[in-house]
Amino acid sequence: MRLQESGEMYLETILRLSKKSSAVRAIDVGEYMGYSKPSVSRAMGLLKSGEYITVDKDGLITLTEEGRAIAEKIYERHTIITRFFMSLGVDEETASEDACKIEHDISDASFEAIKKHIEKK
């Protein structure tokens, strides 16, 4: 099953938050993304049923192996595409916002070409 863009965004957010703190809860995800409790709750339920995350009895969220792989892929795309736009002279905020729009839809071939280009610098 291909995860939708919103699911990828949630996984990327969980990854980002887990890099800052080992304890990630749904409320943290909602605050970071600016989403309502019901929206986050529904998304966490879908990610849990898809086996992308686990949630323990204390509400702590952990990425599964598959969830982490997807999150890492999206996070890498976001980081590389942001750097690429910044290398073209785009300010960091705009570069990051645009990368966020592109990271879910760009082909592997185009992404790899950008990555190779950026890594040469």
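Which residues, taken from the stretch 30-51, are touching a strand residue (DSSP E or B) at 6+ places or on another chain (Cβ under 7 Å) and buried (at least 16 other Cβ atoms within 10 Å of the Cβ)?
Of the residues in the stretch 30-51, the ones touching a strand residue (DSSP E or B) at 6+ places or on another chain (Cβ under 7 Å) are 44, 47-48.
If the condition is that a residue be touching a strand residue (DSSP E or B) at 6+ places or on another chain (Cβ under 7 Å) and buried (at least 16 other Cβ atoms within 10 Å of the Cβ), then M44, L47 are the ones that fit.
May I ask you to verify whether I80 is surrounded by 17 or more Cβ atoms within 10 Å (Cβ to Cβ) and in contact (Cβ under 8 Å) with a residue 60 or more places away in the chain?
Values: surrounded by 17 or more Cβ atoms within 10 Å (Cβ to Cβ): yes; in contact (Cβ under 8 Å) with a residue 60 or more places away in the chain: no.
No; evaluated as a whole, the condition is false for this residue.
Cβ-Cβ contacts under 9 Å between residues 6 or more apart (or on different chains), taken from a first residue in the stretch 39-52 that is at positive phi to a second residue that is crowded, with 21+ Cβ neighbours inside 10 Å and assigned to a helix (DSSP H, G or I), are listed as E51/G67. Of everything in the stretch 1-53 that's within 12 Å of I74 (Cβ to Cβ) and hydrophobic (A, V, I, L, M, F, W, C), which residue is farthest from the chain's Cα centre (by Cα)? Among them, the one singled out is L3.
Residues being over 16 Å from L3 (Cα atoms) and modelled with pLDDT under 95: count how many of those fall in the stretch 41-54.
Narrowing the stretch 41-54 to residues over 16 Å from L3 (Cα atoms): 41, 54.
Retained after the next criterion (residues that are modelled with pLDDT under 95): 41.
The number of residues fulfilling the criteria is 1.
Listed conditions (1) under 30 Å from A113 (Cβ atoms); (2) touching a Gly at 6+ places or on another chain (Cβ under 8 Å) are all met by K37, apart from (1). Within the stretch 1-29, the only residue that satisfies the criterion of being of a type in the set (A, V, I, L, M), in a helix (DSSP H, G or I) and surrounded by fewer than 17 Cβ atoms within 10 Å (Cβ to Cβ) is I27. Is it the case, given these coordinates, that I61 is under 15 Å from the mean Cα position of the chain (by Cα) and not small (G, A, S)? Yes, satisfied.
Conditions tested, residue by residue: (1) surrounded by 13 or more Cβ atoms within 10 Å (Cβ to Cβ); (2) assigned to a helix (DSSP H, G or I); (3) in contact with a Pro (Cβ under 7 Å, 6 or more places away or on another chain).
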| position | (1), (2), (3) |
| --- | --- |
| R68 | yes, yes, no |
| A71 | yes, yes, no |
| V90 | yes, no, no |
| E93 | no, yes, no |
| H104 | yes, no, no |
| E112 | no, yes, no |
| I118 | yes, yes, no |
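The values are calculated or read from the model by the stated rules, or taken from the named source; none is laboratory data. These numbers were taken from a predicted model, which means no experiment stands behind them. Glycine also receives a Cβ, built like all others from the backbone with ideal geometry; neighbour counts cover every protein chain displayed.
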